[in-house]
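See below for the structure under consideration.
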Amino acid sequence: MKVLVHLACLLPIAWLVYAGFENNLGPDPTHTVTFFTGRSTLRLLAITLAISPVRKLIPKLGWLIRFRRLVGLYAFFYACLHLLTYVWLYAGFSLAAMEQDISQRRFIVAGLAAWLLMVPLALTSTNWSIRKLGGKNWNRLHKLTYAAAIAGLVHYWWGVKPGVTTPMFLTLLIGGLLLARPVVKAIREGKNGDRKPPVAVGAEKM
Amino acid sequence: TKLPATPNPNYGKGLKPTSYQDVTHYNNFYEFGTSKSDPSENAWRLKTEPWTVEVEGLVHKKKTFDIDQLMKLRPLEDRVYRFRCVEAWSMVIPWVGYSLSELIKACDPLSTARYVQFISVDRPNQEPGIMSVNIPWPYSEGLRMDEAMHPLTLLTLGLYGEALPNQSGAPVRVIVPWKYGFKSAKSIVKIRFVKNQPPTTWNLIAPNEYGFYSNVNPNVDHTPWSQARERVIGAPIWKQLQPTQMFNGYADEVAGLYKGMNLNTYY
């Protein structure tokens, strides 16, 4: 099962490398690679965000949690590739160009923020970190995923021209998954409420 | 259809044209959708025959030209120009046409005409983007009279020696090679001579980013992109990046048009 997850996550980069060798990245390969790695990052982030509400709604799928960290790491992997395309193919490794971009372009700032937010998550993805931090703290820290996903979406919208709506699908998807959290919580609390033993109700009345 | 054009050796020295495939399959033409591949996929829907261009406004000879008349007004030339998109990519394209000034002279504008406005075709049933893309239609562009009269400004009827394919702005467009591509209106149905600076589409959408002039300028950036560098279309990925030249390399010819103007203000 784990092998399958690895394969699924490596499939996009395999396709990209293959298309690169076949000279099949289109008329503007830089643009193709940039959008491809950026979108892959957001898609994988969406998957990690989907796991928690799905397993709460469908307890049978609880085992999905075992793959959340792995998928999250792959999201970071694609984010790094995406950052590399910028550093190499857009800025040409020029520090001056990057400095100027960061000081002048909110679009670059949002993207960089999203990547930076993912760094501590990637660094604390080991079992050792979870033990060290304690489950509760670790969970709290990893809520940064929400911020990273939102920053990533803002970055995407700021990077396309007015009138272009390509970021819409991922925005609705990730937005839906974030909104699903309080909704799922409310549903579960509602269910728990029903299950309250009558004694307790009586006790309340007293 | 092959066009009877003669190469004009004054333009395009040392430039290597981008492949016909890339020139005609990587387009911005929002009337057909916002993706680069939408125009080549959807533009066949546009009926380009018959076609007329109305010349109106502050002009002595209000005329309506059909394409045949435009083809025969002046001898057609092949001119190889650099083409720079505001999205920081660039091509080299062999256009076919003649200086727009020839058409303007034939219409004899009034001395009060200070700007020229170009209106693109607006047919929602033939251009799916008009229904799906939420920007003001019809597409409108404009030039100051001296820019329109500049010999580089090309009334364009073809590329690669053939009539324009629909996705490239058939049957007639202008090409203003020292400005970002969106200034070069496609599929033109009206040319209007006016007194005041006309409304232009991208300027209406985002005035703080897309100025009326929109000259290629490596020193004035757009929000998402630096304009100091550009990606060469069709080049291998590690060789795409190249520096952008002032006025897209046409500074010797056109810088004089903007003498005394602060190009950071008039972007």
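Within the range A:109-121, can one find any residue that is more than 14 Å from chain B (Cβ to nearest Cβ) and among the β-branched types (Val, Ile, Thr)? It would help to see each step written out before you state the result.
Step one: filter the range A:109-121 for residues more than 14 Å from chain B (Cβ to nearest Cβ), giving A:113-121.
Next, from what is left, pick out any that are among the β-branched types (Val, Ile, Thr): A:119.
Checked the range A:109-121: at least one residue is more than 14 Å from chain B (Cβ to nearest Cβ) and among the β-branched types (Val, Ile, Thr).
Under 8 Å by Cβ, and 6 or more places apart or on different chains, what pairs join a residue from the range B:237-264 that is within 14 Å of another protein chain (Cβ to nearest Cβ) and at negative phi with one that is of a type in the set (S, T, N, Q) and in a loop (DSSP other than H, G, I, E, B)?
Hits for this filter: B:Thr244/B:Gln227; B:Asn264/B:Asn219.
So which residues in the range A:78-125 are farther than 14 Å from A:Val154 by Cβ, part of a helix (DSSP H, G or I) and aromatic (Phe, Trp, Tyr)?
Within the range A:78-125, A:Tyr78, A:Tyr86, A:Trp88, A:Tyr90 qualify.
In the list B:Asn203, B:Asn208, which residue meets the criterion of being under 20 Å from B:Ile135 (Cβ atoms) and surrounded by 21 or more Cβ atoms within 10 Å (Cβ to Cβ)?
Numbers: B:Asn208 fails: surrounded by 21 or more Cβ atoms within 10 Å (Cβ to Cβ).
So the residue among B:Asn203, B:Asn208 that is under 20 Å from B:Ile135 (Cβ atoms) and surrounded by 21 or more Cβ atoms within 10 Å (Cβ to Cβ) is B:Asn203.
Quickly run through the range B:133-156 and pick out the residues that are more than 22 Å from B:Tyr210 (Cβ to Cβ) and crowded, with 24+ Cβ neighbours inside 10 Å.
Step one: of the range B:133-156, the residues more than 22 Å from B:Tyr210 (Cβ to Cβ) are B:149, B:151, B:155.
Across the range B:133-156, the qualifying residue is only B:Leu155.
Here are B:Val23, B:Val55, B:Val80: which of them is in contact with a Cys (Cβ under 6 Å, 6 or more places away or on another chain), among the β-branched types (Val, Ile, Thr) and either assigned to a strand (DSSP E or B) or within 18 Å of B:Gly161 (Cβ to Cβ) (or both)?
Working: B:Val23 fails: in contact with a Cys (Cβ under 6 Å, 6 or more places away or on another chain); B:Val80 fails: in contact with a Cys (Cβ under 6 Å, 6 or more places away or on another chain).
After ruling out the rest, the residue left standing is B:Val55.
Checking B:Lys36 against (1) of a type in the set (Lys, Arg); (2) out of contact with any strand residue (DSSP E or B) (no Cβ under 6 Å at 6 or more places or on another chain); (3) loosely packed, with under 15 Cβ neighbours inside 10 Å: exactly one of these is not met. Which one?
Going through the list (1) of a type in the set (Lys, Arg); (2) out of contact with any strand residue (DSSP E or B) (no Cβ under 6 Å at 6 or more places or on another chain); (3) loosely packed, with under 15 Cβ neighbours inside 10 Å, B:Lys36 breaks only (3).
When you scan the range B:117-233 for strands (runs of 3 or more DSSP E) that lie fully inside it, which ones turn up with 1 or more residues that are away from chain A (no Cβ under 14 Å), closer than 29 Å to B:Asn264 by Cα and in contact with a helix residue (DSSP H, G or I) (Cβ under 9 Å, 6 or more places away or on another chain)?
On the way: elements: B:140-144, B:154-159, B:173-175, B:188-194, B:229-232.
It comes to B:140-144, B:154-159, B:173-175, B:188-194.
Is it true that some residue in the range B:27-34 is out of contact with any helix residue (DSSP H, G or I) (no Cβ under 6 Å at 6 or more places or on another chain), of a type outside the set (Lys, Arg) and over 20 Å from B:Trp95 (Cα atoms)?
To start, the set of residues in the range B:27-34 that are out of contact with any helix residue (DSSP H, G or I) (no Cβ under 6 Å at 6 or more places or on another chain) comprises B:28, B:34.
Filter again for of a type outside the set (Lys, Arg), leaving B:28, B:34.
Those still in the list that are over 20 Å from B:Trp95 (Cα atoms) too: B:34.
Looking for residues that are out of contact with any helix residue (DSSP H, G or I) (no Cβ under 6 Å at 6 or more places or on another chain), of a type outside the set (Lys, Arg) and over 20 Å from B:Trp95 (Cα atoms), one finds at least one in the range B:27-34, hence yes.
Taking the condition modelled with pLDDT under 90 and either out of contact with any His (no Cβ under 7 Å at 6 or more places or on another chain) or assigned to a helix (DSSP H, G or I) (or both), does A:Ala14 pass?
no
Determine which single condition A:Asp101 fails, assuming it passes every other condition in (1) buried (at least 20 other Cβ atoms within 10 Å of the Cβ); (2) at pLDDT 90 or above.
For A:Asp101, the exception is condition (2).
Would you confirm, using the coordinates I've provided, whether B:Gln240 is over 20 Å from the mean Cα position of the chain (by Cα) and closer than 17 Å to B:Met91 by Cβ? First the steps, then the outcome.
Working: over 20 Å from the mean Cα position of the chain (by Cα): yes; closer than 17 Å to B:Met91 by Cβ: yes.
Against the criterion (over 20 Å from the mean Cα position of the chain (by Cα) and closer than 17 Å to B:Met91 by Cβ), B:Gln240 qualifies.
What single numbered condition from (1) outside any strand (DSSP E or B); (2) of a type in the set (Ser, Thr, Tyr); (3) modelled with pLDDT of 95 or more fails to hold for B:Ser35?
(3)
Please go through the range A:161-174 and pick out each residue that is in a helix (DSSP H, G or I) and either of a type in the set (Lys, Arg) or out of contact with any helix residue (DSSP H, G or I) (no Cβ under 8 Å at 6 or more places or on another chain) (or both). First the steps, then the outcome.
Narrowing the range A:161-174 to residues in a helix (DSSP H, G or I): A:168-174.
Hits for the range A:161-174 are A:Met168, A:Phe169, A:Leu172.
Cβ-Cβ below 9 Å, separation at least six or inter-chain, first residue in the range B:207-231 and within 22 Å of A:Leu89 (Cβ to Cβ) and free of Cβ contacts under 8 Å to residues at least 24 places away in the same chain, second of a type in the set (Ser, Thr, Tyr) and assigned to a loop (DSSP other than H, G, I, E, B): which pairs?
The qualifying pairs are B:Ala228/B:Thr244.
Could you please tell me which pairs satisfy a Cβ distance under 6 Å, a separation of 6+ or placement on different chains, a first residue in the range A:4-32 that is polar (S, T, N, Q), and a second residue that is surrounded by 11 or more Cβ atoms within 10 Å (Cβ to Cβ)?
A:Thr30/A:Leu89; A:Thr30/B:Arg231; A:Thr30/B:Ile237; A:Thr30/B:Gln240; A:Thr32/A:Leu25; A:Thr32/A:Gly26
What pairs come up if the first residue lies in the range B:138-154 and is closer than 12 Å to B:Val174 by Cα, the second is of a type in the set (Lys, Arg), and their beta carbons are under 7 Å apart, counting only those six or more places apart or on different chains?
What qualifies is B:Glu141/B:Lys183; B:Leu154/B:Arg79.
From the residues in the range A:136-162 that are closer than 17 Å to B:Trp225 by Cα and without any contact (Cβ under 8 Å) to a residue 12 or more places away in the chain, which one is nearest to the other protein chains (Cβ to nearest Cβ)?
A:Pro162
Out of the range B:1-37, which residues are touching a Ser or Thr at 6+ places or on another chain (Cβ under 9 Å) and of a type in the set (A, V, I, L, M)?
B:Val23
The values are calculated or read from the model by the stated rules, or taken from the named source; none is laboratory data. What you see is a predicted model; the values in this text were computed from it and never measured. Counting neighbours? That spans all protein chains shown, and the Cβs are built from the backbone with ideal geometry, glycine included.
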